[in-house]
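Visitor: Please find one structure pasted underneath; my questions will follow.
The values are calculated or read from the model by the stated rules, or taken from the named source; none is laboratory data. This one's a predicted model, so the numbers in the text were calculated from it and none came from an experiment. Cβ coordinates were reconstructed from backbone atoms using ideal geometry, including for glycine residues, and neighbour counts include every protein chain displayed.
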């Protein structure tokens, strides 16, 4: 999600950091990755690709014109035909894994271009693309600051044409997509008018002011277009429907199980996890409420969780507490030697960019640029807005209480996404590293973060605190709910109220959390099940490795070797460890 960079020419990008020449398959992978990145200059900057085919990508915005989309379509179709001509049995196991990643990435792109049509219906695509295009040069130190600010000025000059194209493309949009686009659009306006403006060097102020004036006028014009024109053309359904969802599920998760199987497994696990929570909660309940004799499962769990939730940060201390939790988790991993911690010290805790808070309402992780891994990585924490009513702020703080904030930090940073991303940035050869970082398997990434958090508790983090164990069990319920609502909302017409009831009544989520997750489920698809299927798969792969190694097995050895593969489909990870 986040990328930093050193300005490198494409020939260097394709040949540096290799001890041996790339294989023929490596060259094919490079061709796909770099060409595909060049279609999205905003994504290229974030990934660390700054020049390609004699074009300075840092000065460009993405092109969503019909001609550009048709060019992308032809490229993906042609490349699919080339891949289909390969003989997988003639490839090494590592190359076969990469072939699967390439094939599924192409299938996803063609599915969107042919059937889902996001450029025609999702205004957040344009708002977030623009936000990333401006934010990456601001925050990622791939070049001296004056050069990066000139890149921003160059991109600002193209904003009017970019947003005019967006207005021409957008035919209709569901209310929720338009609503979030408007909210995130305000974040983009603040980014340009306040955040970046405040950092412009003196000799660039006039050029920035001129470019920003035109860009801001266009951004406000687009905001008005969303509110007055697109908002009345709201007959597009955010649901994918059965056929499109089944296809996207297959290409995105790459696990072998279909959506119906994953849904069935998740729903079966709900009662199992609730029973375990009841066992953990009962002694805590007797301690917290000595004068109550309660045997009702739901009541006992809920009352204990409510009591636990009372211990939380304030809106002002929320970010600071996340930083403390990060240091605590790092010290524990090092003391227990659960894995090899990254040698680079490039992790920063920063507020989630405003233009991304529609989908990252709690937090997230933005890894170091794939092509410039020595640069920064960011643990995003979404602050409590100052204008929120007290009740709404309290709901979020109760959900992300003392214990849950620790779990979030472990998931997003250490030993979760940050550690996984740093291992991924050391995969060799470079062609494999770049492919698996940019187009890698989502369940591998999200599953690792869940598995790694469980590992911390299993190894005694916070002295086997039952409060933390119960909070993590609640998180497991949430992982199950994530999978259930995504499949049911997108494929089986689950209603909003049914989704909220599942989250609030069966998985003990606060109202603010449940509503945020419902919005996220409508903004994305096939992402929420990644946690469940990935977590289960990581545990299965570890068990297989443990049996294979016998007495020679160690936890740190497994973690290091599995992470060293990069984000391959979990269905093949075990084979690569043999």
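Visitor: Could you identify the single residue in 393, 424, 322, 335 that is surrounded by fewer than 21 Cβ atoms within 10 Å (Cβ to Cβ) and in contact (Cβ under 8 Å) with a residue 24 or more places away in the chain? I'd like the intermediate steps shown before the answer.
Guide: On the way: 424 fails: surrounded by fewer than 21 Cβ atoms within 10 Å (Cβ to Cβ); 322 fails: surrounded by fewer than 21 Cβ atoms within 10 Å (Cβ to Cβ); 335 fails: in contact (Cβ under 8 Å) with a residue 24 or more places away in the chain.
It is 393.
Visitor: Please work out which one of (1) farther than 30 Å from residue 387 by Cα; (2) in the same structural domain as residue 489 (by TED's automatic domain parsing); (3) in contact with a helix residue (DSSP H, G or I) (Cβ under 6 Å, 6 or more places away or on another chain) is the condition residue 326 fails and give its number.
Guide: For residue 326, the exception is condition (1).
Visitor: State yes or no: is residue 54 closer than 30 Å to residue 192 by Cβ and surrounded by 15 or more Cβ atoms within 10 Å (Cβ to Cβ)?
Guide: On the way: closer than 30 Å to residue 192 by Cβ: yes; surrounded by 15 or more Cβ atoms within 10 Å (Cβ to Cβ): no.
Considered against the rule, which asks whether it is closer than 30 Å to residue 192 by Cβ and surrounded by 15 or more Cβ atoms within 10 Å (Cβ to Cβ), residue 54 comes out as no.
Visitor: Here is a follow-up. Within segment 564-573, does at least one residue satisfy the condition of being in contact (Cβ under 8 Å) with a residue 24 or more places away in the chain, assigned by TED's automatic domain parsing to the domain that holds residue 471 and surrounded by fewer than 16 Cβ atoms within 10 Å (Cβ to Cβ)?
Guide: Yes, segment 564-573 contains a residue that is in contact (Cβ under 8 Å) with a residue 24 or more places away in the chain, assigned by TED's automatic domain parsing to the domain that holds residue 471 and surrounded by fewer than 16 Cβ atoms within 10 Å (Cβ to Cβ).
Visitor: Yes or no: residue 497 in a helix (DSSP H, G or I) and assigned by TED's automatic domain parsing to the domain that holds residue 402?
Guide: Details: in a helix (DSSP H, G or I): yes; assigned by TED's automatic domain parsing to the domain that holds residue 402: yes.
Spelling it out, residue 497 is indeed in a helix (DSSP H, G or I) and assigned by TED's automatic domain parsing to the domain that holds residue 402.
Visitor: Go through segment 66-93 and give me each residue that's surrounded by 14 or more Cβ atoms within 10 Å (Cβ to Cβ) and over 13 Å from residue 28 (Cβ atoms).
Guide: 68, 69, 72, 73, 75, 76, 77
Visitor: Right, another one. Mind checking which residues of segment 34-51 are under 24 Å from residue 98 (Cα atoms), out of contact with any strand residue (DSSP E or B) (no Cβ under 9 Å at 6 or more places or on another chain) and surrounded by fewer than 23 Cβ atoms within 10 Å (Cβ to Cβ)?
Guide: Answer for segment 34-51, where residues must be under 24 Å from residue 98 (Cα atoms), out of contact with any strand residue (DSSP E or B) (no Cβ under 9 Å at 6 or more places or on another chain) and surrounded by fewer than 23 Cβ atoms within 10 Å (Cβ to Cβ): 36, 39, 40, 43.
Visitor: Scanning segment 184-212 for residues that are within 32 Å of the chain's Cα centre (by Cα) and free of Cβ contacts under 8 Å to residues at least 24 places away in the same chain, which turns out surrounded by the fewest Cβ atoms within 10 Å (Cβ to Cβ)?
Guide: Across segment 184-212, the extreme among qualifying residues is 198.
Visitor: Could I ask something else about it? In segment 250-259, what residues are surrounded by fewer than 19 Cβ atoms within 10 Å (Cβ to Cβ) and touching a residue at least 60 places away in the same chain (Cβ under 8 Å)? Show your work before the answer.
Guide: To start, the set of residues in segment 250-259 that are surrounded by fewer than 19 Cβ atoms within 10 Å (Cβ to Cβ) comprises 251, 256-258.
Correct list: 251, 256, 257.
Visitor: Also, quick follow-up: Say we look at segment 217-249 and pick out the residues that are touching a helix residue (DSSP H, G or I) at 6+ places or on another chain (Cβ under 6 Å) and over 30 Å from residue 490 (Cα atoms); which of these is surrounded by the fewest Cβ atoms within 10 Å (Cβ to Cβ)?
Guide: That would be 218.
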